[in-house]
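Data first, discussion second: the structure below is written as structure tokens.
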Amino acid sequence: MRSQFWTAPNQITLLRLIFVPFVIIKILDRNFKFALLLFVLAGISDALDGLLARWLHQQSMLGQYLDPIADKLLLSSAFLVLSFTRQIPWRYTVLVLSRDLCILLIAAVLYITSNIRDFKPSVFGKLNTGAQIAAIFFVLLWRVIPAPWIGIARHSFLVATLILTCVSALHYILITGQKLHSNGESGPPAAPSR
């Protein structure tokens, strides 16, 4: 575990966690330009740690847990603070956080009560994360450059987030139910797909 901690991809993931409070602070200060810059840097670090893990053959179990934790902390914090500052309507944030909390609780229960250790996201989960990233990007960009096309993109990605949050939650429930049902007949439960 100690050797996994010091790999370049995991260090970049940990660096992304450091961005989280500064993004929040800059949004609360209404310094949207700097908040946007930090958010973009966090996104670049997310792409970079994945590429490095593959190129350097440093994919690890620690990285598989750290990467989605860093993403969720950044995205959930951004949604919360942008709703507090009235940049994103609360309905989007409540739905996003409720889905994530439910998945986290289900995963924790399955982790504790079974031999499940693999919680890979589904294609709908990945699309949902992509829509959330794009929504936050365009919300911040619209505060920096209030062009009509940016406003349209902002609204479109918020709606896409709403739809994909519901679809991915439903998919997670169905897949988890199927896996638990099939494993009830064949042995210990397998990993749910997020």
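No lab work stands behind these numbers, since they all come straight from the coordinates. Not measured: the values here are computed from a predicted model. Virtual Cβ from ideal backbone geometry, glycine too; neighbours counted across all protein chains shown.
What the table below lists for this structure:
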{"quantity": "LEU17 versus PHE34: modelled label distance in nm, points set 7 Å from Cα along the beta carbon direction", "calculated": "2.4"}
{"quantity": "Contour minus Cα-Cα distance for LEU180 and TRP90 (0.36 nm per residue)", "calculated": "29.0 nm"}
{"quantity": "√(5λ) per eigenvalue of the Cα gyration tensor, segment 116-162, largest first, Å", "calculated": "28, 10, 5"}
